[in-house]
Amino acid sequence: MFVVRIKRSNEDFDFKTFDSAKAALARFRAAQKLLIDGRLEGCALFEARAGDAESAVAMVNQGTATLIDSNLGSGAPPQISARTA
């Protein structure tokens, strides 16, 4: 299973679980946009080798899930890649 962890200011973490990597990545990308807009403090995408959502979230909390990608609200401006001629 895949887990997207979202952190809003003054709130606990919010976890969304997905069976599909494609769906999880889409949710993570949407969260990144909210992060850029300043509406989130951070977001992360994990893969958890679990058969159900509850176990997958538990693995994330225990640190045993695999971190695929994350964006922490560091206050630094987002980095943008641009093609060079």
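The values are calculated or read from the model by the stated rules, or taken from the named source; none is laboratory data. No experiment lies behind these values; they were computed from the predicted model shown. Glycine also receives a Cβ, built like all others from the backbone with ideal geometry; neighbour counts cover every protein chain displayed.
Before moving on, here are some points about what is shown:
- Residue check, Ala21 touching a residue at least 40 places away in the same chain (Cβ under 8 Å), on the phi < 0 side of the Ramachandran plot and of a type in the set (Gly, Ala, Ser): no
- Among the residues of the range 36-60, the ones that are surrounded by 13 or more Cβ atoms within 10 Å (Cβ to Cβ), out of contact with any strand residue (DSSP E or B) (no Cβ under 6 Å at 6 or more places or on another chain) and not aliphatic (A, V, I, L, M) come to 1 in all.
Let's see how each residue does on (1) over 9 Å from Val3 (Cα atoms); (2) at pLDDT 95 or above; (3) not aromatic (Phe, Trp, Tyr):
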| residue | (1), (2), (3) |
| --- | --- |
| Thr17 | no, yes, yes |
| Leu35 | yes, no, yes |
| Gly38 | yes, no, yes |
| Gly42 | yes, no, yes |
| Asp52 | yes, yes, yes |
| Ser55 | yes, yes, yes |
| Val60 | no, yes, yes |
| Ser74 | yes, no, yes |
| Ala82 | yes, no, yes |
